[in-house]
Amino acid sequence: MKINTDGVIIGAMAYQEGAARILDVGSGTGVITLMLAQRHPEALVDAVEIDEEAYIQATYNFRQSIFADRLRSINSDFRDFHPEVSYDLIVSNPPFYTKSLHNPDPRKKLAKHADFLFFEALLDFVALHLSVHGEFHCILPIGLAEEVVALMLPKRNLYLQRIINISSYPDADPIRSLLAIGKRTGEVGYDTLIIYERRAEHTEEYKNLLKPYFLAF
């Protein structure tokens, strides 16, 4: 649960120019939070995580980082978190095994499974705590992304701003969508990201995306 491809992609791609307050929902051990702090050098970044063990690890990681004075770790379900500020950028790599087999490990089940009530609650939270010109970024499997977009009813004042479809290989169908959601109406932007040129060889685009964070690149 420490590092995965979805997490590093959204950590590297999520950006909001001039963001002063950022929130990572379901931060796990804090990898995405640290990436957000690196890319937004002036922002204060909060990380909310329900799992106590992951929260403890994230707190330790934050204290060891050069961004320690701008990071705050919160052990809570986001539904019980009531910030007094609005966020210019909210990011989440949420659980997505909706309507699928549950993991028998209770901690991983909690981290990896959610039903649509979860996404309803997440969108309600975003609608309440996202700033007027802010954006909410999340990464989801293609089919689930389409269903989540359908939940953005006008009563929430949330609209799709951009969508990036992510494929493993050049000729493969997309497996993930990175959604950028905000409170502004207008034309939706579309883009793509391909991870591998061929087996075990990352594309230059992917390597350039992660080069600021990965020593291997």
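Structural remarks
- Region 60-75: number of residues that are assigned to a strand (DSSP E or B) and open to solvent by 40 Å² or more (accessible area, probe 1.4 Å): 2
- Considering only residues in region 34-59 that are under 19 Å from Leu210 (Cβ atoms) and in contact (Cβ under 8 Å) with a residue 40 or more places away in the chain, the one that is most open to solvent (accessible area, probe 1.4 Å) turns out to be Arg39.
- Some residue of region 168-179 being aromatic (Phe, Trp, Tyr), under 24 Å from Ser86 (Cβ atoms) and modelled with pLDDT of 95 or more: no
- Top-ranked residue of region 16-33 - restricted to ones that are part of a loop (DSSP other than H, G, I, E, B) and under 13 Å from Asn93 (Cβ atoms), ranked as most open to solvent (accessible area, probe 1.4 Å): Gly26
To keep it simple, each residue is scored yes or no on (1) of a type in the set (D, E, K, R); (2) within 19 Å of Ala12 (Cα to Cα).
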{"site": "Phe116", "(1), (2)": "no, no"}
{"site": "Asp124", "(1), (2)": "yes, no"}
{"site": "Leu140", "(1), (2)": "no, yes"}
{"site": "Leu144", "(1), (2)": "no, no"}
{"site": "Pro154", "(1), (2)": "no, no"}
{"site": "Ala172", "(1), (2)": "no, no"}
{"site": "Ile175", "(1), (2)": "no, yes"}
{"site": "Leu178", "(1), (2)": "no, yes"}
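- Region 125-141, subset open to solvent by 10 Å² or more (accessible area, probe 1.4 Å) and in a strand (DSSP E or B), residue nearest to Gly18 (Cα to Cα): His133
- Of the residues screened, Ile163 is not one that is in contact (Cβ under 8 Å) with a residue 40 or more places away in the chain and not small (Gly, Ala, Ser).
- Filtered residue count, region 142-152, keeping only those that are open to solvent by 20 Å² or more (accessible area, probe 1.4 Å) and either in contact with a Lys or Arg (Cβ under 8 Å, 6 or more places away or on another chain) or under 19 Å from Ile90 (Cα atoms) (or both): 4
- Filter result (of a type in the set (Asp, Glu) and free of Cβ contacts under 8 Å to residues at least 60 places away in the same chain) within region 1-33: Glu17
The values are calculated or read from the model by the stated rules, or taken from the named source; none is laboratory data. These figures come from a predicted structure and were not determined experimentally. Note: ideal-geometry Cβ built from the backbone for every residue, glycine included; neighbour counts use all protein chains shown. Remember, those area values only see protein heavy atoms, side chains included, never the ligands or the DNA or RNA. Shrake-Rupley method; radii C 1.70, N 1.55, O 1.52, S 1.80 Å.
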